1. What's the center-to-center distance, using Cα atoms, between the range 289-336 and the range 90-127 in Å?
2. For n ≥ 4 DSSP H runs only, could you compute -39500 (n - 2.57) per run for the chain, divide by its residues and tell me the 222 nm figure to the nearest 500?
3. Please compute P(r) over all alpha-carbon pairs of the range 238-363, binned at 5 Å starting from zero, and give each bin as a whole-number percent.
4. If you rank Trp230, Trp146 by fewest surrounding Cβ atoms within 10 Å, what's the result?
5. May I ask you to give the average projected area over all directions of the convex hull of the Cα atoms of the range 28-236, in nm² rounded to one decimal?
6. So how do 188-198, 106-116 stack up, highest first, on mean other-Cβ count within 10 Å?
7. Among 40-52, 170-182, how do they line up by average Cβ neighbours within 10 Å per residue, starting with the highest?
8. Once the convex hull of the alpha carbons of the range 271-339 is built, what does its volume come to per residue, in cubic angstrom?
Amino acid sequence: MVIEPPTEKIKVSKAGSLRGEITLPGDKSISHRAVIIGALAKGKVRISGLSSGEDNQRTITAFKQMGVDIARERDGDLRIQGKGLFALKEPAQVIDAGNSGTTMRLLTGLLSGQKFFSILSGDTSLNQRPMKRVIEPLSMMGAQIWGRGGGNFAPLAITGRNLKAIRYELPVASAQVKSAVILAGLYAEGITEVKEPSFTRDHTERMLAYFGVDLERERNAVRVQGGREWEGKEVIVPGDISSAAFFIVAATIIPHSEITIRGTGMNPARTGFLEILRQMGASIEIANKREVSGEPVADIVVRSSRLQGREIRGEMIPKAIDEIPILAIAATCAEGETVIRDAGELRVKETDRIKAIVSELRRFGVSSRGPVA
């Protein structure tokens with residue numbers, strides 16, 4: 001007898017229009033950085049607007065395993081009693097990153113500079129994602145890291161070492177690799193410099209600067225001085241721009257719609273999809289611009305529009321990499337052909353997102369000649 005797994009069915013009815021105001025949960029990427037940098041601060045840190053998703057909980061649990069006092073307050077804020085750079089404790093068990101690549105890659109950098117042994121693992125999917133591009137620069141700093149497949153796959157075993165500063169140029173733009181090297185650089189003797197071929201999200205740099213860390217930025221280069229500590233402070237996490245993308249596209253393609261999304265993070269490395277949609281003809285207005293905890297924030301007003309297909313490629317891709325799937329939905333409602341190129345990084349996410357996009361769109365009867373990335 002074969003027992004079929006239970007399936008959940010959701011019925012979606014056609015919407016007449018979307019109108020109103022919404023506020024979205026906190027940005028997942030910024031939430032990771034707030035927890036990591038807050039846990040390394042000296043003294044009390046309070047984080048409001050933190051994402052409650054499982055990925056961020058993995059990062060919180062990891063620091064609890066390393067002896068950091070972290071608790072949720074009744075109002076939902078997260079309270080951290082920071083231990084400083086040099087007071088983390090050796091975890092008694094394997095740190096389980098679940099499906100969070102950000103947790104695994106950033107903590108690999110952080111753990112490389114500790115005075116103890118640790119093991120990082122994840123679920124089946126995460127343990128099949130490549131880690132060598134993180135391990136290579138960390139090894140140049142003196143880190144000792146072992147993994148499956150010659151060090152390319154988790155679980156990763158890390159023996160903390162005294163690290164040396166390096167100047168490293170990323171062969172492929174990656175905010176996670178850049179952040180891992182920066183976090184390791186906090187423990188290295190001297191100044192660590194990371195250069196990237198194109199601008200990627202800079203949440204780590206902004207959060208460190210907000211906490212007062214000695215950090216220099218020049219074009220696509222970041223330099224950090226090792227061994228300098230910082231004090232705790234309050235952090236407000238803005239709304240998640242990647243989550244906003246779904247509502248923005250929905251309001252654009254559903255006739256007679258107008259919505260306002262309040263308090264959304266507007267990091268310039270994350271707003272590429274807004275630029276792309278505008279070039280396709282979308283009506284998107286940015287209002288009430290301000291800065292919150294080192295991050296640009298604004299309200300987004302979206303009205304339904306007629307879209308035109310276009311080619312999306314090159315420097316536009318890194319700033320819209322997480323929104324390519326929803327941009328593909330917008331493309332199905334645009335006049336003419338849309339071509340997406342240079343998005344190969346989507347093949348090494350939790351799944352092969354390019355394959356998934358093409359497969360699912362074809363099920364809805366969408367004509368696709370992909371993938372071309």
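Read-outs throughout are calculated quantities, based only on the coordinates presented, and are distinct from any laboratory measurement. None of the values given here were measured: they were computed from a predicted structure. With ideal geometry, Cβ positions are generated from the backbone for all residues, glycine too; neighbour counts draw on all protein chains shown.
1. 32
2. Details: 11 runs with 108 residues, N = 373.
Computed ellipticity for the chain at 222 nm equals -8500 deg cm²/dmol.
3. Pairs per bin, as whole percents: 2, 11, 21, 23, 20, 14, 7, 2, 0.
4. On the way: Trp230 20, Trp146 13.
Fewest to most other Cβ atoms nearby, the residues stand as Trp146, Trp230.
5. Working: hull surface 40.4 nm².
Computing the convex hull of the Cα atoms and averaging its projections yields 10.1 nm².
6. Details: 188-198: 18.0, 106-116: 24.0.
Output ranking for 188-198, 106-116: 106-116, 188-198.
7. Values: 40-52: 20.1, 170-182: 22.2.
The most tightly packed comes first, giving 170-182, 40-52.
8. Output value, Cα hull per residue: 88 Å³.
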